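Below is one structure, written out as structure tokens; the observations come after it.
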Amino acid sequence: SFLQFSLAATVIQGVLFGSISGAAALATDIENKFFDRLLLAPSTRSGIVLARIAGSALFGAFQAAFFLLVLWPFGATIRGGVPAFLVMVASGGLVSLAIGALMSSVAIRTGSAEAVQGAFPLIFILLFFSSAFFPRETMSGTYRKSPTSIRSRTSSRGFARWSCTKSRWVRSPRRSSSRLPSASPRRCSRSAHCAHDWRRCDDDRIPRRVVAYLDNRRRTGLMLRGLRTIRRMPSAFIPSVAMPVFTMIAFSGTYFAITKIPGFPTNRSANWFMPLGICFGSAFSGIGLGFSTIRDIETRFYERLLMAPVPRRALIVGPLFTAWSRTLILNAFVIPMGLLLGARFTGGILGVLALLTASFGIATISVGWGLGLAFRFRDMRAAAIMQLTVFVVLYVSNAQMPMWLLSGWVHSAARFNPATNILRLARQGLVSSSAPDHMAWSNTWGGLAAIVVMATVTLAFARRGLDKLDK
């Protein structure tokens with residue numbers, strides 16, 4: 001059965017999440033200066049790191065055993081008996097050891113849990129550059145020649161050296177107030193040098209256009225601060241740009257044979273999977289702002305933003321503009337790469353606009369979800385939930401197959417999943433012109449409705465979380 005074939009890959013996926021969480025905990029200890037205390041303890045530095053990696057290996061072995069026992073009632077049997085079970089548990093520990101060592105090096109070099117969580121998509125996508133889900137005989141093109149075979153063995157070779165820089169705060173110079181629109185508000189009567197929030201002072205009568213101008217300046221400042229993070233910490237942004245390309249290449253090679261099925265919407269696998277890769281990248285661009293917010297909360301920098309004369313909506317709108325800017329950069333990179341790999345827009349400029357609309361919609365939804373979780377958990381525990389929910393929502397849809405090829409509970413779940421309509425919107429300009437979904441109004445309004453409803457819900461979720469954080 002297919003479950004039997006993909007059992008090893010399923011175990012490795014679960015072990016990956018545990019390894020990333022352990023490395024993120026190490027980065028959190030470095031950020032909180034707790035790691036400095038460990039360095040002062042009477043112990044060798046290599047011993048401290050090796051103890052953490054050994055803990056990750058033991059946790060990975062436990063996870064492998066747990067997954068095998070949970071999947072056993074569903075038909076995932078191990079024909080090799082107890083020895084094969086022990087080998088798979090030991091393999092899970094070795095995978096966790098290798099990934100934990102790699103990500104721990106990222107944590108030590110960057111000292112940022114955000115960078116560790118941002119690197120997870122690149123590690124995860126390596127599974128698809130292997131025979132994890134399909135035999136190599138069913139693959140085609142350059143993808144089939146990939147030397148990685150994670151299903152049968154795990155290798156840590158081929159990883160490029162990370163070029164990361166530590167995040168640091170740089171105070172921007174104050175701008176002259178002469179650029180403000182002309183206004184002559186009365187001096188506050190409380191004192192000659194009033195230090196309270198002048199925007200909320202009952203004695204001041206500030207023109208609305210001045211207040212609107214200042215609000216826009218604050219939103220722009222928060223957006224630019226998020227964009228500067230790309231230069232200061234590229235390891236937190238580059239994975240969200242590289243992951244869509246890897247997803248497109250891996251899925252196009254793995255599922256190339258499905259384009260031969262009679263009635264499939266397109267004869268180019270890149271046309272089908274490029275929107276999926278872009279949606280994944282947009283989602284991680286959005287939840288990446290949740291990682292940044294968690295870092296600000298843990299370092300208590302967010303307390304300064306809460307005390308600043310900034311409207312609360314700007315603390316959500318600013319990251320939203322940052323996510324849109326990152327999504328624009330992502331599309332400007334991924335779409336040309338998709339065209340080089342064989343993707344073609346059959347819907348012309350309208351097809352491009354449909355894809356961009358879906359991409360920006362996914363980013364908006366992800367920002368609200370990421371900020372809402374960050375405001376409630378206030379630590380890196382929320383990062384794992386952000387990533388897991390993104391994978392679940394996008395995969396339990398028509399991400400890999402059209403609806404008429406799905407069956408069972410997956411088909412039922414995909415029918416009610418809003419991501420299904422968003423992916424239909426993204427793909428309608430890439431399917432064959434003879435396909436029923438080609439530039440169909442039903443796909444357009446269904447995708448737009450899903451974006452509006454989900455964005456409203458997640459942004460409201462973020463605003464309520466911010467109100468609770470403020471209290």
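Read the figures in this text as sums done on the coordinates, not as results from a lab. Bear in mind the structure is a predicted one, so any value in this text is a computation, not a measurement. Neighbour counts are summed over all protein chains in view; Cβ atoms, including those assigned to glycine, are modelled from backbone coordinates with ideal geometry.
Once you order the gyration tensor axes a ≥ b ≥ c over the Cα atoms, which shape class does segment 324-449 get: rounded for a/c under 1.5, otherwise prolate or oblate by comparing a/b with b/c?
The shape class here is oblate.
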query = So between Val87 and Leu69, what do we pick up on full extension, going 0.36 nm a residue minus the alpha carbon distance?
reply = 5.1 nm
Asp470 paired with Ala9, simple spin-label distance in nm, labels 7 Å along Cα-to-beta-carbon = 4.7 nm
ask   = By count of other Cβ within 10 Å, fewest leading, how are Arg427, Arg79, Arg304, Arg109 ordered?
value = Arg79, Arg304, Arg109, Arg427
key: Potential lengthening between Ala308 and Lys33 on full extension [0.36 nm per residue; Cα-Cα distance subtracted]   = 96.4 nm
query = Based on the Kirkwood radius over alpha-carbon pairs, what value in µm²/s does the Stokes-Einstein equation return for the translational diffusion coefficient of segment 1-79 at 10 °C and 1.306 mPa s?
reply = 109 µm²/s
inquiry  = Based only on other Cβ atoms within 10 Å, what is the fewest-to-most ordering of Phe34, Phe345?
reply    = Phe34, Phe345
query = To the nearest 0.05, what FRET efficiency results for Ala54 and Glu298 with a Förster distance of 22 Å applied to their C-beta separation?
reply = 0.25
task = Report the full-extension gain for the segment Thr44 to Thr456: residue separation times 0.36 nm, less the Cα-Cα distance, to one decimal in nm.
result = 143.1 nm
inquiry  = Once each part is reduced to its C-alpha centroid, what is the distance from segment 267-287 to segment 369-442 in angstrom?
reply    = 11 Å
